[in-house]
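Enquirer: The structure is given below, and queries will be raised subsequently.
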Amino acid sequence: MMNLFHKYLGKLKNQKLSDKACYIVTEDTVSVYGCEADAKLLRAAELLKTPCLLFVKPSEPFMTALNEAAKGGEFAPNDSETRTFLHTVPVIDGLNADEISNALRRRKAVFVRERGIVTSAAFGAEQAFIFASSVIFSGFVKYFADAGEAALLKKPYDRALTSALIKQYIEKFPARPLPELNKDIFRTDGTIMNAMVQAARVTVDMGLVDSFFGNISAFSENNIYISRTGSSLDELDGEIDVCPMDESSCTGLTASSELASHRRIYELTGNRVILHAHPRFSVIMSMLCADECENRGRCHYACTKKRFIGDMPVVAGEVGNGARAMVNTLPPEMKDNERVTVYGHGVFTVSADDFNKALRLLTEAEAKALELYQHLACQPHVD
């Protein structure tokens, strides 16, 4: 059990999200793993009576972004992760045990201004890690989306702070050469799955996806090999389902919730692999629009405007299979494009051979989104 807590503390550090975090485990006796726990956190854990509580102090620039996002209190950016998973992030001042426990009874996590994130989880270390990682993503997206929208609409915002945080971010996640991934992957079930495990892990290592979001698939012999719903991309061993293209098996019940979109992409294109991640600035840029149209506020499913991040199309669409789902908007767009962003949801890339091209397209998409964001929000405006 101790190794499991240290595993997720290690993930927070390795993914450059936090250097200071601790688990408080309240089973037979109270145990603390990681940094020293404040007495008020121990009291909050006692009040909640859940198996574990996790405190995370985000590293920069995430901490400052969260503090800025939380200035108005409880926050909820319009990205897909927050809408479908966190809903809102409560905000409190100070490590107050009663306020922490009250907030965590109604939400998955709470942000304590100037201190960090507190989460509790009924299902242990992994779940608490997912909640904390998601809040870091949510606060980052909230701050930069708000600043970007202000820049787009030529409204006041702190350009100097935005530029400084971008500089910190680039220093923390510098561009680096792409590793060479497995080739000739379609020989056996084993070679396909090994290639998926490798590509998915690299996607996480390169900071292109947080928490347990994103998915990956390959198509061979009328079967779709796809990551399971709720699986972490850096731990896909044993987490890949094989789903017949004709839906003749119920295996798809545990497959990614985006299986239908993957299936339709394979039906409409000649591609054989799909890689989907939530790179931060691709998500942020997909949400920026100056139009005050009748669909404002419903952009994630109702936007009909032809929009681009550079040359990459942006489409609307919700998760699932309903009338407003991305299964109806994303696959048709991928007939003529090898990478497409879904509003607030992330980038889908494809390739006909292996995951090398799909990964390159993904990194290029995020690099372009960051470049365009810098031009928009970090450069002086010229009227």
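The values are calculated or read from the model by the stated rules, or taken from the named source; none is laboratory data. Quick caveat: nothing in here was measured; it's all calculated off a predicted structure. All Cβ positions, glycine included, derive from the backbone under ideal geometry; neighbour counts span all protein chains shown. Only protein heavy atoms, including side chains, enter the accessible area calculation; ligands, DNA and RNA are left aside. Shrake-Rupley method; radii C 1.70, N 1.55, O 1.52, S 1.80 Å.
Enquirer: What is the one condition in (1) open to solvent by 10 Å² or more (accessible area, probe 1.4 Å); (2) closer than 26 Å to GLY207 by Cβ; (3) at pLDDT 95 or above that ALA352 does not satisfy?
Expert: Single failed check for ALA352: (2).
Enquirer: Ok, one more. When the residues of the range 233-254 are filtered to those that are at pLDDT 90 or above and farther than 26 Å from GLN15 by Cβ, which remaining residue is surrounded by the most Cβ atoms within 10 Å (Cβ to Cβ)?
Expert: Just the residues of the range 233-254 that are at pLDDT 90 or above, to begin with: 233-245.
Still in the running and farther than 26 Å from GLN15 by Cβ: 242-245.
Values: VAL242: 18, CYS243: 23, PRO244: 14, MET245: 13.
If we take residues in the range 233-254 being at pLDDT 90 or above and farther than 26 Å from GLN15 by Cβ, then CYS243 is surrounded by the most Cβ atoms within 10 Å (Cβ to Cβ).
Enquirer: Can I ask one more? Looking at the range 152-169, which of the residues that are among the basic types (Lys, Arg) and assigned to a helix (DSSP H, G or I) is surrounded by the fewest Cβ atoms within 10 Å (Cβ to Cβ)?
Expert: Of the residues in the range 152-169, the ones among the basic types (Lys, Arg) are 154-155, 159, 167.
Those still in the list that are assigned to a helix (DSSP H, G or I) too: 159, 167.
On the way: ARG159: 16, LYS167: 13.
Applying the filter and picking the extreme gives LYS167.
Enquirer: Given (1) open to solvent by 20 Å² or more (accessible area, probe 1.4 Å); (2) in a loop (DSSP other than H, G, I, E, B), where does GLY344 come up short, assuming only one miss?
Expert: Of the numbered conditions (1) open to solvent by 20 Å² or more (accessible area, probe 1.4 Å); (2) in a loop (DSSP other than H, G, I, E, B), the odd one out for GLY344 is (1).
Enquirer: I would also like to ask the following. Considering only the range 68-86, I want to know if a residue exists there that is under 30 Å from PHE173 (Cα atoms), among the β-branched types (Val, Ile, Thr) and surrounded by fewer than 20 Cβ atoms within 10 Å (Cβ to Cβ).
Expert: First pass over the range 68-86, keeping only residues under 30 Å from PHE173 (Cα atoms): 68-86.
Retained after the next criterion (residues that are among the β-branched types (Val, Ile, Thr)): 82, 84.
With surrounded by fewer than 20 Cβ atoms within 10 Å (Cβ to Cβ) added as a condition, the list becomes 84.
Yes.
Yes/no matrix, rows are residues, columns are (1) more than 17 Å from LYS11 (Cα to Cα); (2) not in a loop (DSSP other than H, G, I, E, B):
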{"site": "GLU180", "(1), (2)": "yes, no"}
{"site": "PHE186", "(1), (2)": "yes, no"}
{"site": "GLY190", "(1), (2)": "yes, yes"}
{"site": "ALA199", "(1), (2)": "yes, yes"}
{"site": "VAL209", "(1), (2)": "no, no"}
{"site": "SER217", "(1), (2)": "yes, yes"}
{"site": "SER231", "(1), (2)": "no, no"}
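Enquirer: If the requirement is being open to solvent by less than 50 Å² (accessible area, probe 1.4 Å) and free of Cβ contacts under 8 Å to residues at least 40 places away in the same chain, which of these qualifies: ILE192, ILE216, ILE185?
Expert: Exactly one residue qualifies, and that residue is ILE192.
Enquirer: Could you grab me the full set of residues in the range 233-272 that are part of a strand (DSSP E or B) and either more than 24 Å from GLU333 (Cβ to Cβ) or without any contact (Cβ under 8 Å) to a residue 24 or more places away in the chain (or both)?
Expert: ILE240, ASP241, VAL242, CYS243, PRO244
Enquirer: Restricting to the range 72-126, and then to whatever is polar (S, T, N, Q) and part of a loop (DSSP other than H, G, I, E, B), can you tell me which residue is modelled with the lowest pLDDT? Quick ask: steps written out before the conclusion?
Expert: Here is the first cut: in the range 72-126, the residues polar (S, T, N, Q) are 78, 80, 82, 84, 88, 96, 101-102, 119-120.
If we keep only those that are part of a loop (DSSP other than H, G, I, E, B) too, we end up with 78, 88, 96.
Details: ASN78: 77, THR88: 89, ASN96: 95.
Step by step, filter the range 72-126, then rank; the result is ASN78.
Enquirer: State yes or no: is SER227 modelled with pLDDT under 90 and either over 20 Å from the mean Cα position of the chain (by Cα) or under 30 Å from ALA367 (Cα atoms) (or both)?
Expert: No; evaluated as a whole, the condition is false for this residue.
Enquirer: Sticking with this structure for a sec: Is it true that some residue in the range 230-250 is closer than 26 Å to ALA65 by Cβ and of a type outside the set (Asp, Glu)?
Expert: So far as the range 230-250 goes, yes, one or more of its residues are closer than 26 Å to ALA65 by Cβ and of a type outside the set (Asp, Glu).
Enquirer: Being over 23 Å from LYS368 (Cα atoms), in contact with a helix residue (DSSP H, G or I) (Cβ under 6 Å, 6 or more places away or on another chain) and modelled with pLDDT of 95 or more is true for just one of ILE192, ILE185. Which residue is that? Before the answer, list the steps.
Expert: Numbers: ILE192 fails: in contact with a helix residue (DSSP H, G or I) (Cβ under 6 Å, 6 or more places away or on another chain).
Sole residue among the options that is over 23 Å from LYS368 (Cα atoms), in contact with a helix residue (DSSP H, G or I) (Cβ under 6 Å, 6 or more places away or on another chain) and modelled with pLDDT of 95 or more: ILE185.
Enquirer: Those residues that are open to solvent by 20 Å² or more (accessible area, probe 1.4 Å) and among the aliphatic types (A, V, I, L, M), I need them from the range 305-340; list them, please. First the steps, then the outcome.
Expert: As a first pass, look at the range 305-340 and keep what is open to solvent by 20 Å² or more (accessible area, probe 1.4 Å): 305-308, 310-311, 318-324, 327-329, 332-333, 335-339.
Selection gives VAL319, ALA323, VAL327.
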